[in-house]
Amino acid sequence: MSGLGSWVARRLLLGCVQTVAVVLLVFGLTEALPGDAAVALAGDQPDPARIAALREAMELDRPAHERFADWAAGLPRGDLGHSLASGRPVSSYLSGAFGPSLLLAALTVVPLVPLGVGLGVLAARFEDRWVDRLVSAVTLGVYAVPEFALGVLLVTVFALRLDWLPPTAVGYGTDLLGHPAALVLPVLVLLARPVCSLSRLVRAGMIDALASPYVAQARRYGIPDARVRYAHALPNAVAPAAQQLARTVDWLLCGVIVVEALFVIPGLGTVLMDAVAERDVPVVQGLAVVFGVVTVVLNLGADLVAHRFAPRTEVAA
């Protein structure tokens, strides 16, 4: 097996180990929470006899290690178990919620790359001049604003005062693509901080690349400045930003709980919040598996892209 192939195999194996560790940790923390799904379903005035019957029906009276072993045995078949609250397969929960989260992530990533790279290149092109200072000041200021605060501000201005956009996605269900106006504010909130971090990374990478010996040598050979900047310096500046982009996509798919809750979007974040509130352990575990696999695949892809853009970087043995 080649060096790159063995490295990919080791990364995949490490990703599997990390995913298993995350699932074990999630299961342990969920078991440590006070109450369980039976208590959550029993209501505000629980009847001990009803709680006992619910625990028996859900098989929560079995030892924790047995329940975990039975659930883990179904993973190789793609069986993520069944919800304790509704009895539905966990996969049906995830398939229904994955669409809105994936749509938000895709609509955010499409403008993210050109905006982030473009602002970074622009700031580096005018290093230490007013353009660079303006871009740096704006990106730093926007990055410092939390998502919920920015979301509340945008809703107040564009939905409540100007009445240009709907404040939430209530009433649209999962058919968000059929109501694009409801996606504008969530995408703006999701786009704000990643654009800032990506542009600052590209700026720093471009400045380092333009000051490197190989760029100076290319200029001595008489290569046009535009070609030096965009064909030689930019790929090396984008390489470290690839990992940041992977982390951003991972965050968009797996961690947009605040944005989905603020705009009432029925995505993976909403499913996770509901599952934790109901102590629905199989749903939480299923989400942990999905999040772990997505993280491993995205980071592996980002490392391969970075290696492609900067082939001088050796793959660690």
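Work from the charge dipole of the chain (Cβ charges, +1 for Lys and Arg, -1 for Asp and Glu, about the Cα centre) and give the residue of 121, 302, 74 farthest towards its positive end.
Sorting the options by dipole projection puts first 121.
Quick check: the angle from helix 181-210's long axis to the longest principal axis of the chain, C-alpha only, nearest 10 degrees?
40 degrees
Rg (Å, one decimal) plus Dmax (Å, integer) for the alpha carbons of the chain?
23.9, 85
Hey, what did the chain get for relative contact order, percent, Cα under 8 Å, at least 6 apart? Write down the numbers at each step before the final one.
On the way: 360 pairs, mean separation 92.2, N = 317.
Over the chain, the number comes to 29 percent.
Charges on Cβ only, +1 for Lys and Arg, -1 for Asp and Glu, centred on the Cα centroid of the chain; of 213, 145, 106, which one is farthest towards the dipole's positive end?
Positive-end residue among those listed: 213.
Please give the charge dipole size of the chain, origin at the Cα centre, charges +1 on K and R Cβ atoms and -1 on D and E Cβ atoms. Round to the nearest 20 debye.
Values: 23 positive and 25 negative charges, 344 e Å.
I would put it at about 1660 debye.
Got a sec? Charge dipole of the chain, +1 on Cβ for Lys and Arg, -1 for Asp and Glu; which of 292, 202, 276 is way out at the positive end?
With unit charges placed on the Cβ atoms, the residue in question is 202.
Would you compute, from DSSP H runs of 4+ residues alone, the mean residue ellipticity of the chain at 222 nm, taking -39500 (n - 2.57) per run and dividing by the full residue count, rounded to the nearest 500?
Numbers: 13 runs with 219 residues, N = 317.
Value at 222 nm, helices only, nearest 500: -23000 deg cm²/dmol.
In degrees from 0 to 90, rounded to the nearest 10, what is the angle of the helix 90-125 Cα long axis to the longest principal axis of the chain?
For helix 90-125, the angle is close to 20 degrees.
Add +1 for every Lys or Arg and -1 for every Asp or Glu among the other residues with Cβ under 13 Å from the Cβ of residue 101, and state the total.
Working: positive: none; negative: 250, 260.
Taking every Cβ under 13 Å from that of residue 101, the sum is -2.
Add +1 for every Lys or Arg and -1 for every Asp or Glu among the other residues with Cβ under 14 Å from the Cβ of residue 133, and state the total. Mind showing how you got there, number by number?
Numbers: positive: 125, 129, 200, 203; negative: 127, 128, 132.
Here the count lands on +1.
With bins 5 Å wide starting at 0, give me the P(r) of region 182-229 over every alpha carbon pair, in whole percents.
5, 18, 17, 13, 11, 10, 9, 8, 6, 3, 0
Taking the Cα atoms only, what angle lies between the long axis of helix 3-32 and the longest principal axis of the chain, rounded to 10 degrees?
Roughly 40 degrees between the two axes.
Taken together, the values in this text are just the output of simple stated rules run on the coordinates, not laboratory data. Small disclaimer: the values here were computed from a predicted structure and weren't measured. Here Cβ is always computed from backbone atoms with ideal geometry, including for glycine, and neighbour counts include all displayed protein chains.
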